[in-house]
Amino acid sequence: MTRLKEDDISKVVAGLTQYDVELISKTGCSLKAIAARAVRRDLNSVSASGLKIAVIPVTSGQGVIGGFTTAVAGILDYLGFDTFITQNSDVAGIAEAVQGGAGVLFAADDHKFIAFNLRTGAIADNGAATGQGYITALNQMCCGLTEKPVLVIGAGPVGRGAAGLVAKLGGLVSVYDIDVTASRALVDELRQQGQPAKVETDLDYALSRHQVIVDASPAEDVIPPRYITERTIIAAPGVPLGVQADQHGKHFDRILHDPLQIGVATMCFLVI
Ligand code: 2YJ
C-alpha cells in the first residue's frame, strides 16, 4: 500500500472548491453527492448537524505525515461537519477526541485508514470506501457501466472495492495485478458471487481492449500514452497517478484522480 507523501496532499484543502467544480464537470455530481450516492443515501438525509468528528494523528510505524490530518479534517469540514484535529496523537488522541464530544474518529497508520462511529460501532476502511466512491463517480462519467468492459488494474483493497461495485453495476470486470494470484483471488470471489469477471495476465493486451480503466495501482506510468484515446475514461484512485502528467492535462476531463477527497467523503458517509 502506498504511503501518502506530504507533497501529495499539501494542496488538498486550498483546492477543495476548485476540485468540486472539476468533479461536477466530470461527473455531474459534487463530492458530497458522489459520497451520498456511493453509500446509497439521499443527499438530504446525510446531515452534519450536531455530529463532531475528530481526526487523530498516529505516530506508529513511519510516523505522522505532514499535512495528513489537516487534509482529512479539511475535507470533512468542507462537507459541513464540525471537525477537529486532536492535539494529542495515538491513544491520548482517542481520549481527547472522546472527551471533546466526538461521535466519529478518523485515524490512519501505515497500513490502515479508518473512520469509526463511536455511537453505532460502524467502521469504514479507506481502501474499500475509495473503490466504492470512485466507481460511483466512474458510473456517472460513463453514463452507466452496464455491459461495459472495465479493466481494474490492481487487486489491493481499493481495486477489490472497485471491482465489486463495477460488477454490481453490471460492468464486465477484467482484473490485472502484477501478482496474478491476487487477481485470480479477486476474480474467483466475484464469480462466487455470481458476477462475471476475468483475469488479465498481459497488461498491454488488456489496455489495448479497454476504454474504461480503473487505475488502483501504486505504480507510475501504468497506462502508457498509446492506450489513452479521446474515448478513454480513467478512474484513478491509485497514488501516484499511473498516467503521465502531460497525458493527465490532455485528457483531464476524462481522468478522475485525487489523493484523499473521494475516499474520505465516502468513509464519512458510510459511518454516519
Ligand atoms: O497520522 C498520520 O499522519 C499518519 N500516521 C498517516 C498515515 C497515512 N497512511 C497511509 O498513507 C497508508 N499508506 C494508508 C493509506 C490508505 C490509503 N488508501
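Conditions tested, residue by residue: (1) at positive phi; (2) among the β-branched types (Val, Ile, Thr).
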position: 170; (1), (2): yes, no
position: 189; (1), (2): no, no
position: 210; (1), (2): no, no
position: 232; (1), (2): no, yes
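Scanning segment 90-100 turns up at least one residue that is within 10 Å of the ligand (Cβ to nearest atom), at pLDDT 95 or above and in a helix (DSSP H, G or I).
Residue 24 satisfies every condition listed in (1) β-branched (Val, Ile, Thr); (2) in a loop (DSSP other than H, G, I, E, B); (3) closer than 14 Å to residue 257 by Cα except (2). Only one entry in 115, 162 is among the aliphatic types (A, V, I, L, M) and either without any contact (Cβ under 8 Å) to a residue 12 or more places away in the chain or over 20 Å from residue 232 (Cβ atoms) (or both), namely 115. The number of residues in segment 240-258 being out of contact with any strand residue (DSSP E or B) (no Cβ under 7 Å at 6 or more places or on another chain) and surrounded by fewer than 23 Cβ atoms within 10 Å (Cβ to Cβ) comes to 10. For the residues 41, 37, the requirement of being away from the ligand (no atom under 15 Å from the Cβ), within 20 Å of residue 122 (Cβ to Cβ) and modelled with pLDDT under 95 singles out 41. Of the residues 64, 13, the single one that is modelled with pLDDT of 95 or more, within 15 Å of the ligand (Cβ to nearest atom), under 19 Å from the mean Cα position of the chain (by Cα) and open to solvent by 50 Å² or more (accessible area, probe 1.4 Å) is 13. Of everything in segment 217-239 that is open to solvent by less than 20 Å² (accessible area, probe 1.4 Å) and outside any loop (DSSP other than H, G, I, E, B), the residue that is farthest from residue 48 (Cα to Cα) is 234. Selection of segment 119-144 for residues being open to solvent by less than 40 Å² (accessible area, probe 1.4 Å), away from the ligand (no atom under 16 Å from the Cβ) and farther than 13 Å from residue 27 by Cβ yields only 122.
Filtering segment 23-49 to residues that are within 18 Å of the chain's Cα centre (by Cα), free of Cβ contacts under 8 Å to residues at least 60 places away in the same chain and open to solvent by 60 Å² or more (accessible area, probe 1.4 Å) leaves 24, 40. Please verify whether residue 116 is within 16 Å of the ligand (Cβ to nearest atom), open to solvent by 30 Å² or more (accessible area, probe 1.4 Å) and among the hydrophobic types (A, V, I, L, M, F, W, C), treating the condition exactly as stated. So residue 116 passes the test.
Mind listing whichever residues of segment 253-266 are free of Cβ contacts under 8 Å to residues at least 40 places away in the same chain and in a helix (DSSP H, G or I)? Matches in segment 253-266: none. Of all residues in segment 213-242, those satisfying the criterion of being within 14 Å of the ligand (Cβ to nearest atom) and not aliphatic (A, V, I, L, M) are 215, 217, 218, 237, 238, 240. Taken over segment 70-85, the criterion of being surrounded by fewer than 23 Cβ atoms within 10 Å (Cβ to Cβ) and polar (S, T, N, Q) is satisfied by 70 alone.
Go through segment 181-199 and report how many residues are in contact with a Phe, Trp or Tyr (Cβ under 9 Å, 6 or more places away or on another chain) and open to solvent by 10 Å² or more (accessible area, probe 1.4 Å). Lay out the reasoning, then the answer.
Step one: filter segment 181-199 for residues in contact with a Phe, Trp or Tyr (Cβ under 9 Å, 6 or more places away or on another chain), giving 183, 199.
Those still in the list that are open to solvent by 10 Å² or more (accessible area, probe 1.4 Å) too: 199.
Here the count works out to 1.
The values are calculated or read from the model by the stated rules, or taken from the named source; none is laboratory data. Keep in mind that what you see is a predicted model, and the values were worked out from it rather than measured. As a convention, Cβ positions derive from the backbone with ideal geometry for all residues, glycine included, and neighbour counts pool all protein chains shown. Just so you know, the surface numbers come from the protein's heavy atoms only, side chains and all, with ligands and any DNA or RNA stripped out. Shrake-Rupley method; radii C 1.70, N 1.55, O 1.52, S 1.80 Å.
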